[in-house]
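Undergrad: There's a structure below that I have some questions on.
The values are calculated or read from the model by the stated rules, or taken from the named source; none is laboratory data. In this text the structure is predicted, and so the values were computed from the model without any measurement. As a convention, Cβ positions derive from the backbone with ideal geometry for all residues, glycine included, and neighbour counts pool all protein chains shown. These area figures cover heavy atoms from the full protein model, side chains too; ligands, DNA and RNA do not enter into them. Shrake-Rupley method; radii C 1.70, N 1.55, O 1.52, S 1.80 Å.
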Amino acid sequence: SGYDGHWTTNPLKFNNEYYRNFLEIRWTRRDWDGPKQYEDPSGNLTMLPSDLALVEDRDFRHYVVAYASDEKLFFKDFSAAFGK
């Protein structure tokens with residue numbers, strides 16, 4: 001795919017950090033020769049344009065906010081969707 005980086009500080013841990021990162025981190029476009037992607041101020045975390053669309057979309061943003069603030073809700077909804 002050509003993308004590079006991690007979305008969370010611990011990619012092997014299942015939690016709601018991905019959603020918290022949308023709201024807690026200022027994302028800037030990465031300056032490199034690869035495909036368009038964004039990075040946190042440390043350069044250690046990454047988001048793709050499709051990731052940031054989740055928080056920018058008016059209809060989906062409420063899920064980002066809900067899952068960022070309530071990990072149990074995220075687990076419940078994920079479990080229901082994964083079980084289908």
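Undergrad: Residues being over 18 Å from residue 74 (Cα atoms) and either exposed (fewer than 11 other Cβ atoms within 10 Å of the Cβ) or in contact (Cβ under 8 Å) with a residue 40 or more places away in the chain (or both): count how many of those fall in the range 4-25.
TA: 3
Undergrad: Quick one: how many residues across the range 26-58 are surrounded by 15 or more Cβ atoms within 10 Å (Cβ to Cβ), more than 25 Å from residue 76 (Cβ to Cβ) and among the hydrophobic types (A, V, I, L, M, F, W, C)?
TA: Here the count works out to 3.
Undergrad: Looking at residue 1, is it part of a loop (DSSP other than H, G, I, E, B), open to solvent by 50 Å² or more (accessible area, probe 1.4 Å), among the small types (Gly, Ala, Ser) and out of contact with any Phe, Trp or Tyr (no Cβ under 9 Å at 6 or more places or on another chain)? Show your work before the answer.
TA: Numbers: part of a loop (DSSP other than H, G, I, E, B): yes; open to solvent by 50 Å² or more (accessible area, probe 1.4 Å): yes; among the small types (Gly, Ala, Ser): yes; out of contact with any Phe, Trp or Tyr (no Cβ under 9 Å at 6 or more places or on another chain): yes.
So residue 1 fits the description; yes.
Undergrad: Sticking with this one: Pairs needed: first member in the range 50-65, under 12 Å from residue 23 (Cβ atoms); second member anywhere, part of a helix (DSSP H, G or I) and open to solvent by 80 Å² or more (accessible area, probe 1.4 Å); C-beta distance under 6 Å; at least 6 residues apart or different chains.
TA: These pairs meet every condition: 55/61.
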